[in-house]
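Take a look at the structure below.
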Amino acid sequence: MRPAHTALAVGVTAVLGVNFVVIDVGLGHFPPLLLSALRFLVAAVPAVFFVGRPKVAWKWIIGVGLALGVAKFGLLFIGMDRGMPPGLASLVLQIQAVFTVLIAAVFLRERPGGVRIAGMTIALAGIGVAAVDRGASAPVSAFSLVIVAAACWGVSNVLTRKAAPPDAFNFMIWVSTVPVLPLLALSLVFEGPGASAAALRGLDWGGVGSVLFIAWGATVFGFGAWGYLLRRYPASSVAPFSLLVPFFGMSSAALLLGERITPLGWVSAALLVGGIAVTSLSRAAPPDTPAPAPEAPATPPPPEPSASRTPSSARSVG
């Protein structure tokens, strides 16, 4: 990878890591579901008018929009609003890589193999250590919501793999149009019109800046630059940089918000990141195929979609 592109990859992961701190700031200005809705509204408009028509079927755009935009980000923002520290959230959310492998094994019949199973076991041990470490400081409900958000991210990864979008940036912009109305409706029902109106009436530069950073920095720039790198280099060259996201998330939370990282927290981070590295960077075993009937000649299976444009290569960014 060229030095300029290496710097770009590191820059993207830094933006995505710091984004967790910005989300925490934004939650001080908006209710979580409203903030999530505004994030996708600002990300989609006006970009949707310049990216061209969708390049995959609408069923995939809607499916990913609901799983990623409504479920994953809605639950993540609620979990952080209920007390999940941003640095810890940036780390725990990466367990989505394990959920992605498990869901793909069930629905795509991709056998994880021994190395990936070992990696998932290590990562899950890291989650267990993080849960013990944060048991007294982070509410269990908030921790659980982020875990469920990671599972929803895994669902969206598998849906995106099935969609195999030829243009990741075009796909992400159109996906961003889907969650806006559902999230606004959920905000009105669960957060109330009064809370939304109060947040909008009290809008200041801190609130505006947080929405712009989350929408244009993390979503438009983050996914756009990541897709650009994936078009130029193999996924195996780009994907390892995503492991820097929790590093930047935890570091920025410690520096900017004073979030304390305990020795046990570092142990959980090492286990989780190490396990995800093994899980993400090892190859899946080929799916089982039935033996051909004796009277019929064997025919080769259809080729797998290219992995360079699938979420397995970008699933650890967020």
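Since every read-out is calculated from the coordinates, none of them should be taken as a lab result. In this text the structure is predicted, and so the values were computed from the model without any measurement. As a convention, Cβ positions derive from the backbone with ideal geometry for all residues, glycine included, and neighbour counts pool all protein chains shown.
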Check your understanding: Plugging the Kirkwood radius over Cα pairs into Stokes-Einstein for region 1-155, at a temperature of 25 °C and a viscosity of 0.890 mPa s, what D comes out in µm²/s?
Key -> 142
Point to revise | Simple label model, 7 Å out from Cα along Cβ direction - Phe107 to Leu212, nm | key: 3.7
Revision key, fill the gap. D (µm²/s, integer) via Stokes-Einstein for region 216-281, Kirkwood Rh across alpha-carbon pairs, 10 °C, 1.306 mPa s: value 117
Revision key, fill the gap. Inverse of <1/r> over all distinct C-alpha pairs of region 57-100, i.e. the Kirkwood Rh in Å, gives 11.5
Point to revise | Whole-number D in µm² s⁻¹ for the chain, Kirkwood Cα-pair radius fed into Stokes-Einstein, 25 °C, 0.890 mPa s | key: 123
**Study point:** Length gained when the stretch Arg231-Trp58 is fully extended (0.36 nm per residue, less Cα-Cα span)
**Key:** 60.0 nm
Exercise for review: In nm, give the distance between the simple-model label positions of Ala164 and Arg2, each being 7 Å from the Cα along the Cα-to-Cβ direction.
Suggested key: 2.9
Exercise for review: Taking 7 Å along the Cα-to-C-beta vector as the label spot, tell me the Trp205-Thr121 distance in nanometres, rounded to one decimal.
Suggested key: 5.5
**Study point:** Packing-based ranking, highest mean first, of 192-205, 216-229, 31-44 given that Cβ atoms within 10 Å are counted
**Key:** 31-44, 216-229, 192-205
Exercise for review: Would you mind computing the Rg to Rh ratio of region 116-192 from its alpha-carbon coordinates, Kirkwood style for Rh?
Suggested key: 1.09
Exercise for review: Name the long-range amide H neighbours of Arg111: under 5 Å, sequence gap of 5 or more, or other chain; modelled H, no Pro or chain starts.
Suggested key: Ala285, Asp288
Revision key, fill the gap. Protection proxy (average C-beta count within 10 Å per residue), highest first, orders 174-181, 124-131 as 174-181, 124-131
Review point. Sorted by average packing, counted as other Cβ atoms within 10 angstrom per residue and highest first, what order do 100-106, 70-76 take?
Key: 70-76, 100-106
Review point. Of Val10, Phe169, Leu184, whose Cα points farthest to the positive end of the dipole of the chain (charges on the beta-carbon: +1 Lys, Arg; -1 Asp, Glu; origin at the Cα centre)?
Key: Phe169
Practice item. Please get the size of the charge dipole for the chain, origin at its Cα centre, with Cβ charges of +1 on Lys and Arg and -1 on Asp and Glu, quoted in debye to the nearest 20. Key: 520
